[in-house]
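Structure, as structure tokens:
The values are calculated or read from the model by the stated rules, or taken from the named source; none is laboratory data. Quantities reported herein were computed from a predicted structural model and do not represent experimental measurements. Every residue, glycine among them, receives a Cβ derived from its backbone with ideal geometry; neighbour counts consider all protein chains shown. In case anyone asks, the SASA skips ligands and DNA or RNA and just uses the protein heavy atoms, side chains included. Shrake-Rupley method; radii C 1.70, N 1.55, O 1.52, S 1.80 Å.
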Amino acid sequence: MNNVNRKFRLVSLLVLLVPINLIAQNNDSLKTRKAQVTFAYPIGSNGMSSLEYSNNFSFNILYGLNGGVNGVEISSILNYNKGEVKGFQLSGISNINIGLSKGFLLSGVSNVCGDSTSGLLLSGVLNYSKGNSTGLQLATINISANQFNGFQLGVVNYAKKIKGVQLGVINILGDAEKGVPIGLFSIVKNGLYELELTGGEAIYSNLNYKMGVERFYTIYKIGYSSFKNSPVYSAGLGFGGNISISKTQKLSVELSSNQIVYNNNWNGNLNMLNKVDFNYKYSFSEKFSLMIGPSFNIYVTEKKVDGEYGTLNIPYSIYANEWSSGKLFMWVGLNAGLSLKL
């Protein structure tokens with residue numbers, strides 16, 4: 001049991017500590033072998049000399065430390081390579097590569113790469129690449145410490161610089177350049193951070209906060225109105241993008257969905273206002289802009305007041321449909337307001 005615990009602690013230290021001291025290596029001095037088998041380093045066909053060899057096929061029963069791979073490598077716990085890895089890597093816990101990684105890296109917990117990567121990195125918890133990266137990163141947390149070209153999909157995505165797309169709950173970018181972060185929170189250096197105060201025919205006053213980049217941003221919305229002398233509150237989430245016409249003029253397209261709360265009644269009845277807004281924005285200073293434009297509205301409600309469906313003052317309907325438990329309204333309205341860049 002003590003031997004097992006010692007081996008487990010050794011593997012844990014390798015998984016946790018090796019990524020901290022990633023130093024790029026090269027394969028110039030590596031010898032080549034067609035195949036190797038390791039039980040747990042250094043118990044294997046390459047013995048204590050494992051780090052001197054690059055293998056076409058590498059099988060590590062528990063974990064292995066090797067010079068590189070040009071083909072396939074499989075382990076139940078850990079694959080570690082000081083040189084280049086090209087091909088397919090599979091591990092139960094972690095792939096740790098100090099040199100270039102190119103191909104398909106699949107692990108249960110983490111892929112950690114100390115140089116450039118190219119291809120698909122797929123893991124349960126973490127993908128980390130120190131050098132430039134190209135391809136697809138899919139994990140709970142994706143970290144690209146340098147230039148990233150491709151697609152990051154995870155709960156948390158980070159890239160120092162990106163040409164591609166991030167899709168996650170939290171996206172962090174050092175420089176968006178030609179990148180597009182799509183998520184609930186997109187934190188971008190020199191990105192778009194904006195407050196808007198707007199009004200419309202159904203929700204009289206709205207406070208909107210936008211974060212992301214000009215090409216794509218997330219919108220958080222709260223609003224206030226009244227209906228039959230009772231307060232109406234709204235809270236919503238949306239996405240949008242700006243199209244530049246000139247230095248002072250832009251067009252924006254935004255989609256949002258807003259929960260409507262009538263007279264402080266927070267019960268579970270469906271009461272949603274969905275909007276598509278088309279706005280013209282004119283900047284009269286570096287920070288301030290005026291905006292105005294039409295909006296297409298779809299209001300779906302199961303809320304009744306005085307026997308009628310709806311808790312908004314709808315000016316007219318271009319389409320309405322009522323069923324046994326609710327009603328749908330459609331109309332074209334108008335938005336206008338003022339925005340402040342932060």
- Where the chain is the region considered: accessible area per residue in Å², 1.4 Å probe: 47
- Query: Which whole-Hz ³J(HN,Hα) couplings does the stretch 307-316 yield from phi under the Karplus relation 6.51 cos²θ - 1.76 cosθ + 1.60, θ = phi - 60°, glycine and proline marked x?
  - Reply: x, 10, 6, x, 10, 10, 7, 8, x, 6
- Quick one: order 148, 39 from most to least accessible surface, probe 1.4 Å. 39, 148
- Checked the stretch 45-125 with the C-alpha gyration tensor, a ≥ b ≥ c its square-rooted eigenvalues, rounded below a/c of 1.5, otherwise prolate if a/b is larger than b/c and oblate if not; verdict oblate
- Note on the structure: For residue 175 the rounded accessible area (nearest 10 Å², probe 1.4 Å, non-protein molecules ignored) is 70
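Take every Cα pair under 8 Å in the stretch 185-342 that's 6+ residues apart, average their separations, divide by the length, and report that relative contact order as a whole percent.
21
Restricting to bridges with both residues inside the chain, how much of the DSSP beta-bridge set is antiparallel, in percent to the nearest 5?
Bridges in the chain that DSSP calls antiparallel: roughly 50 percent.
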- Message: Show me the ranking of peptides 96-107, 213-224 by mean Cβ neighbours inside 10 Å, starting with the highest.
- Response: 96-107, 213-224
- Item | Unsatisfied cross-links (Cα-Cα over 21 Å) in the set 250/275; 86/160; 130/160 | 86/160
- Note on the structure: Within the set 242, 157, 127, GNM on the chain using Cα springs under 10 Å gives the largest fluctuation to 242
- Query: So how much accessible area does residue 185 have, in Å² to the nearest 10, using a 1.4 Å probe?
  - Reply: 90
- So for the stretch 122-244: antiparallel DSSP bridges make up what percent, rounded to the nearest 5? 45
- Item | Rounded to 10°, Cα long-axis angle of helix 2-17 versus longest principal axis of the chain | 60
- Would you work out what percent of the accessible area of the stretch 166-239, with all protein chains in place, is carbon or sulfur (probe 1.4 Å)? 68
- So if we plug the beta-carbon distance of residue 280 and residue 316 into 1/(1 + (r/R0)^6) with R0 = 35 Å, what FRET efficiency do we get, rounded to 0.05? 0.90
- Query: If you take the beta carbon distance between residue 249 and residue 88 as r and set R0 to 51 Å, what does 1/(1 + (r/R0)^6) give as a FRET efficiency, to the nearest 0.05?
  - Reply: 0.50
- Message: Just checking my list [x] 17.9; [y] 23.6; [z] 19.2 against mean projected area of the Cα convex hull in nm² computed from this structure; which label fits?
- Response: [y]
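Could you please put 302, 196, 286 in sequence from largest to smallest accessible area, using a 1.4 Å probe? If you can, show how the numbers build up before the last one.
On the way: 302 70, 196 5, 286 160 Å².
Ranked from most to least accessible, the order is 286, 302, 196.
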- Task: Averaging sequence separations of C-alpha pairs under 8 Å and six or more residues apart, then dividing by the length of the stretch 22-130, give the relative contact order as a whole percent.
- Result: 18
- Which lysines, on any chain, are close to residue 228 with Cα under 20 Å apart, when same-chain ones fewer than 8 places away are left out? 303, 304, 327
- Amide H neighbours of residue 269 under 5 Å, counting only residues 5+ apart in sequence or on other chains, H built in-plane at 1.01 Å? none
